[in-house]
1. For region 114-229, what is the convex hull volume of its Cα atoms per residue in Å³?
2. Using Cα-only point scatterers and the Debye equation, what is log10 of I(q)/I(0) for region 4-120 at each q in 0.12, 0.18 Å⁻¹, rounded to two decimals?
3. Rg and Dmax of region 92-174 over Cα atoms: what are they, in angstrom?
4. Hey, with R₀ at 41 Å, roughly what FRET efficiency would GLU22 and HIS277 work out to, going by the Cβ-Cβ distance, to 0.05?
5. Of the accessible area of the chain, with the probe set at 1.4 angstrom, what percent is carbon plus sulfur?
6. Mind checking which of VAL78, VAL180, VAL157 has the largest fluctuation in a GNM of the chain, springs on alpha carbons under 10 Å?
7. With Cβ to Cβ distances under 12 Å as the rule, what net charge do the other residues near VAL146 carry (K, R +1; D, E -1)?
8. Kindly sort LEU158, LEU57 by accessible area of their heavy atoms, largest first, with the probe set to 1.4 Å.
Amino acid sequence: MSRIAYVNGQYRPMRDAVVNIEDRGYQFSDGIYEVCEIRGGRIVDMPRHLARLQRSLSELRIAMPMPLASLEVVIHEVVRRNRVNYGIVYLQISRGVARRDHAFPSPAVRPSVVVTARSLNLEKNEATASHGIKVITTAENRWPRVDIKSISLLPNVLAKQQAREQGAYEAWFVDRDGFVTEGASSNAWIITKDGIVVTRSADAGILPGITRTVLTEVLAALQIRLEVRPFTPQEAYEAAEAFVTACSQIVMPVVAIDGKPVGGGQPGPIALKLRQHFHQFSAFS
Ligand code: PMP
């Protein structure tokens, strides 16, 4: 079955799904995106993702290209046409097509919208979680507005590649003060030997992950203590557990950081428990 993408008003087979070469997303990374998990053919936490999408657009002064309700219809339709039961849906909006000039086109052009969906392998992801992943640390070199989910991801791409070349799955950025900010495509967490879950404030140098937000609710419900503060790689090496969160990974245990085993090199019990309970706190649509 050919995969189908939505591009600017049309559903097209992937090979015919194209954008103009003067699209500002292509030329300037002038756009934003969202990724949602799909479970049982339904979208997980879509209202929260769409709220973040609207915020990203408004921070970049890109107009919302269609009413939110229409965007929801498109997202569901792309998932349906691709028959995705478990996987992800990707949504990208760029400022649109205009002759190349750094400043915004004037008058404004219509923003470009692309939506794709693809299946992921649930068994494989569960197997990965049961073994845990390795992370490395690398110097933070991104712009200060990482709270905007922009498609400008070059430092993230390079950090992720660095991780792969060192036999790891994820890279954690470390800021100038020596604190971990977040992963190249995930939020970073540790659990202290006293069982306190620690993650950095969403106001400071990270993308406010939707999984991160939902997990704070899971922690409260399970009466697990949360401390919102930055932590250093050293504290992470010595932690009882570590994990990352992202919508496609939920809670993914970390078993080594910079080649040092964390929590005896096994996924920790609290991380696995959080993973197990996570979707009880999700909204499905
Ligand atoms: N930080 C970064 C840099 C990311 O790319 C992602 C994944 N989109 C996250 C955090 C996690 O966000 P979410 O939980 O919304 O997937």
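1. Numbers: hull volume 17.5 nm³, N = 116.
Spread over its residues, the Cα hull of region 114-229 gives 151 Å³ apiece.
2. -0.42, -0.90
3. 17.9, 53
4. Calculated value: 0.30.
5. Working: 7100 of 13650 Å².
Exposed carbon and sulfur together represent 52 percent of the surface.
6. Judging by the Gaussian network model, the answer is VAL157.
7. -2
8. Working: LEU158 110, LEU57 5 Å².
Heavy-atom accessible area, descending, gives LEU158, LEU57.
The values are calculated or read from the model by the stated rules, or taken from the named source; none is laboratory data. Predicted model only: the values in this text are computed from it and were never measured. Ideal geometry is used to build each Cβ from the backbone, glycine not excepted, and the neighbour counts take in all protein chains shown. The protein model used for the area step is the full one, side chains on, heavy atoms only, and it has no ligands, DNA or RNA in it. Shrake-Rupley method; radii C 1.70, N 1.55, O 1.52, S 1.80 Å.
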